[in-house]
Amino acid sequence: MSNDVSRRVIVAFAGLALFSVPTAAQAERTGPLVLAAASLQESMTAAADAWAKKGHPRPVVSFAASSALARQVEAGAAADLFVSADEDWMDQLAKRQLIVATTRVTFLSNRLVVVAAKDNRVRIPVRPPAALARVLGAGPLAMADPAAVPAGKYGKDALQTLGVWASVAPHVVAAENVRAALALVERGAAPLGIVYATDATASPRVRIAGVFPAKSHPPITYPMARLSASTNPDAEAFRRFLTSHAGKAIFARHGFATR
């Protein structure tokens, strides 16, 4: 990522900020603490609600960029489950033996899209490169930090594959996570943004203006694992619920492909 782009990394908006390591008050919880990628906000919240309706203590879910959550785990955050939006950050925790390897499972996938405001009728031409670069470079392009955040990394890979990253990079406004990138488009701070398809469908204020070819970037997958430091007796049961038919159905209703 260019120095230009790195200087333009913005903090997440209020309500999207990274959750801190649990406080003493949070430590009194009885449900497991789940660290989940920002793109899972609606679906994981619905899953936690469904689990609670079954008579279990409601899980506490903390949403942020997978990169930020993984770093919290490395710093000793007292959490039970980690759900990442890519395999890389889960691999990093696995190398440090911070997850229970036998509980790791990849259970969701997604698509990468370009969003615009509802009233912006722009269409995104994937080919030729010059046309794509012209449209994406016409104004600020919001995307999650391409240096670390999965959605940004997938976006950078796609733009590199399509041959336009070098010309588009100076126009990128890098956000702390994918939902912060979405918020830039929702609020009119950027005309276009690169997010997941599920983020786009979760917002009534944007529309999908273009879809990246699946082969232009690595597969977008969501691995989950129980953390080695987990002590909550409900953690493994909730993990299994998320990967059950009932759990996957919740994510499917929110637009995720299940595996």
**Item:** Members of region 28-42 that are at pLDDT below 95 and open to solvent by less than 70 Å² (accessible area, probe 1.4 Å)
**Value:** ARG29
**Prompt:** Considering only region 188-225, how many residues are assigned to a strand (DSSP E or B) and open to solvent by 60 Å² or more (accessible area, probe 1.4 Å)?
**Reply:** 2
**Asked** Does region 105-114 contain any residue that is at pLDDT below 95 and hydrophobic (A, V, I, L, M, F, W, C)?
**Response** no
**Asked** Given the residues THR45, THR106, which is the only one that is open to solvent by 20 Å² or more (accessible area, probe 1.4 Å), in contact with a Pro (Cβ under 6 Å, 6 or more places away or on another chain) and among the hydroxyl-bearing types (Ser, Thr, Tyr)?
**Response** THR106
**Asked** Which residue, of ALA214, ALA229, ALA166, ALA138, is under 28 Å from ALA257 (Cα atoms) and either free of Cβ contacts under 8 Å to residues at least 24 places away in the same chain or aliphatic (A, V, I, L, M) (or both)?
**Response** ALA214
**Number of positions in region 226-249 that are open to solvent by less than 10 Å² (accessible area, probe 1.4 Å) and over 15 Å from LEU35 (Cβ atoms)** = 1
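The values are calculated or read from the model by the stated rules, or taken from the named source; none is laboratory data. Remember, predicted model here, so these are calculated numbers, not experimental data. Because the Cβ atoms are built from the backbone with ideal geometry, glycine has one as well, and the counts that use them run over all protein chains shown. Keep in mind that these areas ignore ligands, DNA and RNA; they rest on the heavy atoms of the full protein, side chains included. Shrake-Rupley method; radii C 1.70, N 1.55, O 1.52, S 1.80 Å.
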